[in-house]
Amino acid sequence: MKVQKVINNNIVSSIDDNGVEVVVMGRGLGYKTKEGMDVPESKVEKIFRLDNEDVMDRFKTLLFKLPPEQIQISTEIIQYANQVLNKPLNQNIYITLTDHVNFAIERFQENMVFITPLLREVKSYYREEYMVGEFGIALINKKLGIKLPVDEAASMALHVVNAEYNTVMRDTMHITQLIRQVVGIVEERFAINPNERSHNYDRFITHLKFLAQKIYTNDLLDPEESEFSQMISQMYPEEYVCGKNIQSFIQEEYGHQISEEEVAYLAVHIKRICLS
């Protein structure tokens, strides 16, 4: 690989063998290095390949400002997220998470503590993503000796959720709030504390995530009655009524009408978690 541009003493941009731009990181990699020189392979620690040109440009701008230790930490967190979730993540996470890690460290050093209002919900609804956040704060403590509060694990988890579902932070926060509100309706209706470790609860939360996403992308089914909804209303009348209450709440609070078939699916999930 040939050096295309020196970003700083530790980072250069290059063109790989396929003619694609990559960002190459390694301690001292850019020191006394000039355009057109061979990239010293012995110093290469990490190669970033981002398909989106705009994301690549923004990432390079961010890399220019930050110390290599923080970049390496963010990279390891993202690699861990890929292993845990085993699904593609939006490449914007290289920008959003790296920027957040830097901001969190700066806040800590300035004795500024921010509380994440959805800490409990993130731990409950996004358990794998929260585990990634816990890995992140443990890694920062190990590498930099900085012990961030547990709220930062939730914040990092939300960035992972954004990359996982291709959402922005505002919508992810709203989706999480909607899930909390719907779960609250079920808990109050049946006077239960669902087993958050049960498979049925996991399925219910997963269903609510996709429902909330459909609400925010306006991708709901037509609100027509179906044979399935009629059958479920007879099989699980109390749970179906609860589903109708959720339907009314979403209509009043969010201005969206979910279908009768969706009400039936909610009723089935509600029945399952009541039995868990």
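The values are calculated or read from the model by the stated rules, or taken from the named source; none is laboratory data. Just so it is clear, the model here is predicted, and its values are computed rather than measured. Ideal geometry is used to build each Cβ from the backbone, glycine not excepted, and the neighbour counts take in all protein chains shown.
The table that follows gives values for the structure above.
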{"read-out": "Selection within segment 239-276 - farther than 19 Å from Gln181 by Cα and of a type outside the set (Gly, Ala, Ser)", "value": "Glu260, Glu261, Leu275"}
{"read-out": "Failed item in (1) within 22 Å of the chain's Cα centre (by Cα); (2) at pLDDT 95 or above; (3) under 20 Å from Ile270 (Cα atoms), with Ile185 passing the rest", "value": "(1)"}
{"read-out": "All positions within segment 159-177 that are buried (at least 17 other Cβ atoms within 10 Å of the Cβ) and either among the basic types (Lys, Arg) or touching a residue at least 60 places away in the same chain (Cβ under 8 Å) (or both)", "value": "His159, Val160, Asn162, Ala163, Glu164"}
{"read-out": "Of all residues making up segment 241-260, the number that are surrounded by fewer than 17 Cβ atoms within 10 Å (Cβ to Cβ) and of a type in the set (Ser, Thr, Tyr)", "value": "2"}
{"read-out": "Those residues of segment 211-240 which are assigned to a loop (DSSP other than H, G, I, E, B) and surrounded by 13 or more Cβ atoms within 10 Å (Cβ to Cβ), in sequence order", "value": "Leu220, Leu221, Pro223, Glu225, Ser226, Tyr236"}
{"read-out": "Residues of segment 200-230 classified as within 17 Å of Ile273 (Cα to Cα) and at pLDDT below 85, total", "value": "0"}
{"read-out": "Residue pairs meeting the criteria (Cβ under 6 Å; at least 6 apart or on separate chains; first assigned by TED's automatic domain parsing to the domain that holds Lys143, in segment 96-111; second small (Gly, Ala, Ser) and in a helix (DSSP H, G or I))", "value": "Leu97/Ser74; Thr98/Ser74; Val101/Ser74"}
{"read-out": "Among (1) under 23 Å from the mean Cα position of the chain (by Cα); (2) farther than 18 Å from Leu118 by Cβ - the single one Lys209 does not satisfy", "value": "(2)"}
{"read-out": "Evaluation of Lys271 against (1) surrounded by fewer than 17 Cβ atoms within 10 Å (Cβ to Cβ); (2) within 30 Å of the chain's Cα centre (by Cα); (3) assigned to a helix (DSSP H, G or I) (one fails), failing number", "value": "(1)"}
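A quick yes/no check of all residues on (1) surrounded by fewer than 17 Cβ atoms within 10 Å (Cβ to Cβ); (2) part of a helix (DSSP H, G or I); (3) at negative phi:
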{"residue": "Val55", "(1), (2), (3)": "yes, yes, yes"}
{"residue": "Glu76", "(1), (2), (3)": "yes, yes, yes"}
{"residue": "Thr98", "(1), (2), (3)": "no, yes, yes"}
{"residue": "Pro117", "(1), (2), (3)": "yes, no, yes"}
{"residue": "Glu121", "(1), (2), (3)": "no, yes, yes"}
{"residue": "Glu128", "(1), (2), (3)": "yes, yes, yes"}
{"residue": "Lys143", "(1), (2), (3)": "yes, yes, yes"}
